[in-house]
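**Q** I am attaching a structure below and will ask some questions about it afterwards.
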Amino acid sequence: MSKATLAREVGVTPTAIAQYEKGGRPTQAVLASLCLALGLPREFFGAGRPLTLLPASAAHFRSLRSTSATAREQALAYGELCLELVSLIGEYVELPAVVLPDIDVPDDIEDSDIVGAVRAVKKLWGVGTGPVPSVVQLLEANGVIAMRLPEGTDPRVDAFSTYAGDRPLVFLSSNVEDRARGRFEAAHELGHLLLHPDTEPGSKIVENQAHSFAAEFLMPRDEIIDQLPRRIDWPRLHDLKRHWGVSLKALVYRAKTLNVMSDASYRRANQQLSMWGLPEPGPLGRAESPTLLGMARDLMIKSGIDFDSVLASGRIATEVTEQVIQAASEDRPRLAIGN
């Protein structure tokens, strides 16, 4: 909510809301109204551990220009609650350490810098040649918290990433069910984390650099260049799609940027892809799903830890927690076979 909207809900002025945000104390009656309006317990507003703030200037949104400031602030506020929950869980479960390469990124990033960054992270993570396994699981295994944006998020927010808190966060689109697109999206956000730690987000140049990182991460130049067709060959492209786990569109674009496919063939290929529309032909199955926080919660409960009490100590509403856990868990139904 904006200050004006919340003020109307509570029956005070926007100036009063601003004062509360800066540390002013509302009356007990106003505090009760705030709890009702925001759906959070009274303890959430009490003294104690402050929330880690995620400023918009430290978050890379895939669709910054088409995303409203309000939608971005809502997504960032959700991210702040996610960081708080991760911090609480980390007091009881040893989460994977953050393992990212220490890369000296120049101000003017060139293609060779992007290739170097890809090689550095793959070497550090033990990723060999050939198709990359689950990108989301790689992120989680190396300390990056991945989750989906909650349902109801403005679809123009798409995906975003930030390392403004104690851990890097990657938020994936809530409505992406295509495996190929989801893998590229996750690799794109990894590119931001490595290439743009201090870069002002939102420029087309920055987004193109993250795009190039994802292409090199998933389709390394030295490994794929001889496999790409010089002319439009859809059966061959479908084989490559299944092998590398990327979209036809990404393969066609990779062939163009590596000067394998001519401009004319590239245009014709995109015209055909546009006619087919989305989802592309030849789906690869369900999108990769985060699992880390859901597994951590289950481990705490199995170990006899009162999870609800932990939440209460952190002043986080149960509804918010369930939303975060679901966004960071495998939502595929599990088949149980018994006598």
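The values are calculated or read from the model by the stated rules, or taken from the named source; none is laboratory data. Keep in mind that this is a model prediction, so the values were computed, not measured. For neighbour counting, all protein chains shown are included, and Cβ atoms are generated from backbone atoms with ideal geometry for every residue, glycine included.
**Q** For the range 137-191, give me each residue that is modelled with pLDDT of 90 or more, in a loop (DSSP other than H, G, I, E, B) and closer than 23 Å to E322 by Cβ.
**A** Across the range 137-191, the qualifying residue is only V144.
**Q** Can I ask one more? Given the residues S134, S161, which is the only one that is buried (at least 16 other Cβ atoms within 10 Å of the Cβ), within 27 Å of G282 (Cβ to Cβ) and among the hydroxyl-bearing types (S, T, Y)? Don't jump to the end; show me each part of the working.
**A** Numbers: S161 fails: within 27 Å of G282 (Cβ to Cβ).
After applying the criteria, what remains is S134.
**Q** What residue, of L64, L76, is modelled with pLDDT under 75, in the same structural domain as V310 (by TED's automatic domain parsing) and not basic (K, R)?
**A** Working: L76 fails: modelled with pLDDT under 75.
Sole residue among the options that is modelled with pLDDT under 75, in the same structural domain as V310 (by TED's automatic domain parsing) and not basic (K, R): L64.
**Q** Give just the number: which of (1) in contact with a helix residue (DSSP H, G or I) (Cβ under 8 Å, 6 or more places away or on another chain); (2) farther than 21 Å from K241 by Cα does T129 not satisfy?
**A** Answer for T129: the failing condition is (2).
**Q** Go through the range 220-238 residue by residue and tally those that are of a type in the set (D, E, K, R) and surrounded by 14 or more Cβ atoms within 10 Å (Cβ to Cβ). Reasoning before the result, please.
**A** Filtering the range 220-238 down to residues of a type in the set (D, E, K, R) leaves 221-223, 226, 230-231, 233, 236.
Cutting the leftovers down to surrounded by 14 or more Cβ atoms within 10 Å (Cβ to Cβ) gives us 221, 233, 236.
Adding up the residues that qualify gives 3.
Residue-wise test of (1) assigned by TED's automatic domain parsing to the domain that holds A215; (2) without any contact (Cβ under 8 Å) to a residue 40 or more places away in the chain.
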position: G245; (1), (2): no, no
position: K249; (1), (2): no, yes
position: V252; (1), (2): no, yes
position: D263; (1), (2): no, yes
position: L273; (1), (2): no, yes
position: P279; (1), (2): no, no
position: D306; (1), (2): yes, yes
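**Q** Something else about it: Name the residues in the range 140-152 that are closer than 18 Å to D178 by Cβ and over 9 Å from the mean Cα position of the chain (by Cα), would you?
**A** E151
**Q** Let me ask you something else. Restricting to the range 260-291, what's the tally of residues that are within 22 Å of the chain's Cα centre (by Cα) and of a type in the set (A, V, I, L, M, F, W, C)?
**A** The qualifying residues number 3.
**Q** Ok, one more. I'm checking my understanding of the structure. Among residues of the range 313-335 that are among the β-branched types (V, I, T), modelled with pLDDT under 75 and buried (at least 18 other Cβ atoms within 10 Å of the Cβ), which one is farthest from the chain's Cα centre (by Cα)?
**A** The initial filter retains those residues of the range 313-335 that are among the β-branched types (V, I, T), namely 316, 318, 320-321, 324-325.
After this cut, where a residue has to be modelled with pLDDT under 75 as well, the list is 316, 318, 320.
Subsequent filtering for residues that are buried (at least 18 other Cβ atoms within 10 Å of the Cβ) retains 316, 320.
Values: I316: 22, V320: 18 Å.
Among those residues, the one meeting the criterion is I316.
**Q** Checking S112 against (1) closer than 15 Å to F217 by Cα; (2) in contact (Cβ under 8 Å) with a residue 12 or more places away in the chain; (3) surrounded by fewer than 16 Cβ atoms within 10 Å (Cβ to Cβ), which single condition isn't satisfied?
**A** Result: S112 fails condition (2) only.
**Q** Got a sec? Which of T257, T291 is touching a residue at least 24 places away in the same chain (Cβ under 8 Å), closer than 26 Å to V136 by Cα, polar (S, T, N, Q) and assigned by TED's automatic domain parsing to the domain that holds D111?
**A** It is T291.
**Q** A further question on this structure: Look through A210, A186 and report the one residue that is touching a His at 6+ places or on another chain (Cβ under 8 Å), within 26 Å of C82 (Cβ to Cβ) and in the same structural domain as D108 (by TED's automatic domain parsing).
**A** Working: A186 fails: touching a His at 6+ places or on another chain (Cβ under 8 Å).
Matching residue, one of A210, A186: A210.
**Q** Continuing with the same structure: Here is a list: G294, G338. Which entry is outside any loop (DSSP other than H, G, I, E, B) and at pLDDT below 90? Before the answer, list the steps.
**A** On the way: G338 fails: outside any loop (DSSP other than H, G, I, E, B).
Matching residue, one of G294, G338: G294.
**Q** When the range 299-312 is examined, which residues are found to be modelled with pLDDT under 90 and loosely packed, with under 15 Cβ neighbours inside 10 Å? Explain how you work it out, then say what you get.
**A** Going residue by residue through the range 299-312, those that are modelled with pLDDT under 90 are 306-312.
D306, D308, S309, A312, listed by residue number.
**Q** Separate question: Scan the range 19-34 and give yes if some residue there is among the acidic types (D, E), outside the structural domain of G79 (by TED's automatic domain parsing) and either free of Cβ contacts under 8 Å to residues at least 24 places away in the same chain or more than 27 Å from E322 (Cα to Cα) (or both), otherwise no. Spell out the reasoning first.
**A** Here is the first cut: in the range 19-34, the residues among the acidic types (D, E) are 21.
Cutting the leftovers down to outside the structural domain of G79 (by TED's automatic domain parsing) gives us 21.
The next check asks that each one be either free of Cβ contacts under 8 Å to residues at least 24 places away in the same chain or more than 27 Å from E322 (Cα to Cα) (or both); those that pass are 21.
Scanning the range 19-34, I find at least one residue that is among the acidic types (D, E), outside the structural domain of G79 (by TED's automatic domain parsing) and either free of Cβ contacts under 8 Å to residues at least 24 places away in the same chain or more than 27 Å from E322 (Cα to Cα) (or both), so the answer is yes.
So that you can scan it fast, the table gives a plain yes or no per residue for (1) modelled with pLDDT of 90 or more; (2) over 29 Å from R221 (Cβ atoms); (3) surrounded by 19 or more Cβ atoms within 10 Å (Cβ to Cβ):
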residue	(1), (2), (3)
K241	yes, no, yes
V252	yes, no, yes
S262	yes, no, no
Q272	yes, no, no
L278	no, no, no
